[in-house]
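Each remark here refers to the structure printed beneath this line.
The values are calculated or read from the model by the stated rules, or taken from the named source; none is laboratory data. All values reported here derive from a predicted model rather than from experimental measurement. A quick note on method: Cβ atoms are made from the backbone with ideal geometry, for glycine too, and the neighbour counts reach across all protein chains shown.
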Amino acid sequence: MDWRFISLRLINKDKDYPTHFPPGYEFGHTAGLRMLRVAARIRHELGRDALDPVVTAYGESYFDKPRGSGMRDRLSTPDHLVEVLTAAGIDLDFASAADDT
């Protein structure tokens, strides 16, 4: 599968989050951008096929957790990215790309 990256944080960069979105959306959109930065570096350095286990691990780390588990507050934090990359079998150094600009 070929992944096209779309960042809601970048799409909404000119919006005032407190005015236009419910509480928590800015964090969620920024968390998504952080993961996309990691994914972009992985794709660039390891190729597209390396993304399949990363996308699976990221999705499972969030969607397989019960509501209210606190996972939403951990999305794309350094600890969460290490967990995702470990589950995907990807070098943990890629987690540093989350803060690239």
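Considering only residues that are in contact (Cβ under 8 Å) with a residue 24 or more places away in the chain and assigned to a helix (DSSP H, G or I), which ones fall in region 87-99?
Of everything in region 87-99, those that are in contact (Cβ under 8 Å) with a residue 24 or more places away in the chain and assigned to a helix (DSSP H, G or I) turn out to be A87, A88, F94, A95, A97, A98, D99.
Return yes when R48 is at pLDDT below 90 and over 10 Å from the mean Cα position of the chain (by Cα) and no when it is not.
So R48 does not fit the description; no.
Being in contact with a Gly (Cβ under 7 Å, 6 or more places away or on another chain) and farther than 19 Å from T101 by Cβ is true for just one of P53, P18. Which residue is that?
Values: P18 fails: in contact with a Gly (Cβ under 7 Å, 6 or more places away or on another chain).
So the residue among P53, P18 that is in contact with a Gly (Cβ under 7 Å, 6 or more places away or on another chain) and farther than 19 Å from T101 by Cβ is P53.
Looking at G68, G59, which is the one that is modelled with pLDDT under 95 and outside any helix (DSSP H, G or I)?
G68
Select from region 29-38 the residues that are surrounded by 20 or more Cβ atoms within 10 Å (Cβ to Cβ) and within 17 Å of E60 (Cβ to Cβ) and write down the one among them that is modelled with the lowest pLDDT.
Ranking the qualifying residues of region 29-38, first place goes to A31.
Under 8 Å by Cβ, and 6 or more places apart or on different chains, what pairs join a residue from region 23-36 that is under 16 Å from A95 (Cβ atoms) with one that is among the acidic types (D, E)?
R34/D99
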